[in-house]
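Note sheet for the following structure.
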Amino acid sequence: MSSPGINGDPKPPCLPRNGLVKLPGQPNGLGAASITKGTPAVKNRPCQPPPPPSLPPPSLAAPLSRAALAGGPCPQAGGPASALAPGPPAERPPLATDEKILSGLFWYFSACEKCVLAQVCKAWRRVLYQPKFWAGLTPVLHAKELYNVLPGGEKEFVNLQGFAARGFEGFCLVGVSDLDICEFIDNYALSKKGVKAMSLKRSTITDAGLEVMLEQMQGVVRLELSGCNDFTEAGLWSSLSARITSLSVSDCINVADDAIAAISQLLPNLAELSLQAYHVTDTALAYFTARQGHSTHTLRLLSCWEITNHGVVNVVHSLPNLTALSLSGCSKVTDDGVELVAENLRKLRSLDLSWCPRITDMALEYVACDLHRLEELVLDRCVRITDTGLSYLSTMSSLRSLYLRWCCQVQDFGLKHLLAMKSLRLLSLAYFSQHLPRCLVIE
């Protein structure tokens, strides 16, 4: 109760200070405030609340509500227990199984480490098997890994549910046959529409198997065939689909000019073509259509030994919008062919002339004068390039990556020309360790 004022009016209670108020007395008397000996008289204090009471141990008094500690109205003593005690704190999962924490932590591990961590427990596997942790990765499955041998000696195709849970969009199958591919299609849940890229290496796939694969797997838009010697050009004619935008064919002995004709006629939306074929001639490079001239931006001709400068003429006229061109291992291409490239393919950002032994410093002058957008230049094993050629390249303001491995005629003076290239970020060298004694050589 408040004490009377001077004029008989009730004296207003003291305002709370620091969020504390005088607490009502508890039934056991432990919660009441008192003035001890030596304390100044209350009348000499300007409207100040008494000090906060000493709270009893939890076993002697009920816990205070959050409203009481904040200066709000206090529940009356003897009220229901639910009004005094706060609700139990929300239970949090242990840190080792907290999905939010694990989702952030697992980004710091490599793909191989994630495969090991997924075997720790079900909680970790549930987090790690989200597709976001595996984007951009391609599983490599060998033929012997596709089957489990049963006690009776029979073979059973492996369970691929773990791959489906991680949402892989591409697979690389090594050493498989037509039957293996059919089993893969039947047992992988996402094979019909979910697989976007397929790579077959050192496999015995035939024309019939290639046709079945591309007919059943309607989502495939990127196809790679490497070391597959059992399919023929007729198989390409019967199986290639217009939906394919990226094709890579290498070390397939049955690929020649007619295969390029099939590619040019059946793949109007082709954006990338990588070809390593020893029997492709200049004539085949004239088969590309006008539509491919607009859509194709990357062409890699790797170790096409029969390609000459006439083939380069066909390329620059058929595919004028190229941004990446590789003539690596095309040993018959000379400086005149590089001049044709520089004059007609002004959009090039990447040019690979490695293993072209007829390329000289004159070709580098053409490149430096005309290819103003070029960012990457590969000259590995161009043994006729000298310091003069590097002096031409030093004037290129856009070049960011330069590969000069095993260019044996380049010396210290030529490398000094490159110091003026402010845009250069990557310089790949080999054979130069004796010329650059202060540089760290990374093998």
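The values are calculated or read from the model by the stated rules, or taken from the named source; none is laboratory data. The model shown is predicted, which means the values in this text are computed figures rather than measured ones. Here the Cβ positions follow ideal geometry from the backbone for every residue, glycine too, while neighbour counts run over all protein chains shown. For the accessible areas, the whole protein counts, side chains as well, though only heavy atoms, and no ligand, DNA or RNA atoms are used. Shrake-Rupley method; radii C 1.70, N 1.55, O 1.52, S 1.80 Å.
In percent, rounded to a whole number, the relative contact order of the stretch 292-443 is 17, using alpha-carbon pairs under 8 Å and six or more apart. Were the residues from C121 through H372 laid out at 0.36 nm apart, the gain over their Cα-Cα distance would be 84.9 nm. Kindly list the residues of the stretch 152-169 that lie in the label zone of A189, defined by a backbone N under 17 Å from the point 7 Å along the Cα-to-C-beta vector. Of the residues in the stretch 152-169, 158-169 have backbone N under 17 Å from the label point off A189. For the stretch 94-133, the calculated P(r) over all alpha carbon pairs, in 5 Å bins from 0 to the bin holding the longest distance, is 6, 26, 41, 24, 4, 0 percent.
Diffusion of the stretch 207-268 by Stokes-Einstein, at 4 °C in a medium of 1.567 mPa s and with Rh set to the Kirkwood radius over alpha-carbon pairs, works out to 112 µm²/s. Distance between the C-alpha centres of the stretch 319-385 and the stretch 148-226: 38 Å, rounded to the whole angstrom. With Cβ to Cβ distances under 11 Å as the rule, what net charge do the other residues near Q216 carry (K, R +1; D, E -1)? Cβ neighbours under 11 Å give a net charge of -1. 3J(HN,Hα) along the stretch 182-196: 5, 5, 4, 4, 6, 9, 9, 4, 9, 5, 6, 10, x, 8, 9 Hz, from the Karplus curve 6.51 cos²θ - 1.76 cosθ + 1.60 with θ = phi - 60°, whole Hz, x for Gly and Pro.
Please list, by residue number, every one of the trypsin sites (Lys or Arg not before Pro) in the stretch 129-194 that is coil in DSSP and has at most 12 other beta-carbon atoms within 10 Å. Here the trypsin sites (Lys or Arg not before Pro) that fit, given the DSSP loop and packing criteria, are K192, K193. A 1.4 Å probe run over the stretch 94-133, with the rest of the protein chains in place, finds 68 Å² accessible per residue.
Each residue of the stretch 337-346 is assigned a 3J(HN,Hα), and the resulting list reads x, 5, 4, 4, 5, 5, 7, 10, 10, 6 Hz, derived from the Karplus form 6.51 cos²θ - 1.76 cosθ + 1.60 (θ = phi - 60°), x at Gly and Pro.
Taking a virtual spin label 7 Å from the Cα of V383 along the C-beta vector, which residues in the stretch 332-370 bring their backbone nitrogen under 13 Å of it? Under cut-off, by backbone N: 355-359.
The GluC sites (Glu not before Pro) of the stretch 132-232 that DSSP puts in a loop, and whose beta carbon has at most 11 other beta carbons within 10 Å, are E154. Hey, with R₀ at 41 Å, roughly what FRET efficiency would D412 and F157 work out to, going by the Cβ-Cβ distance, to 0.05? Step by step, r from the Cβ atoms, then E = 0.10. Here the label points at H317 and S398, each 7 Å from Cα along the C-beta direction, are separated by 2.6 nm in the simple model.
Normalised size of the stretch 135-239, defined as Cα radius of gyration per 2.2 N^0.38 Å with N residues, equals 1.05. Scoring 243-250, 376-383 by mean Cβ neighbours within 10 Å over their residues and listing the highest first yields 376-383, 243-250.
Legend: residue pairs K132/K196; K155/K192; K132/K155, Cα-Cα distance threshold 26 Å; pairs beyond threshold, K132/K155. The Cα-based radius of gyration of the stretch 117-175, divided by its Kirkwood radius, gives an Rg/Rh of 1.04.
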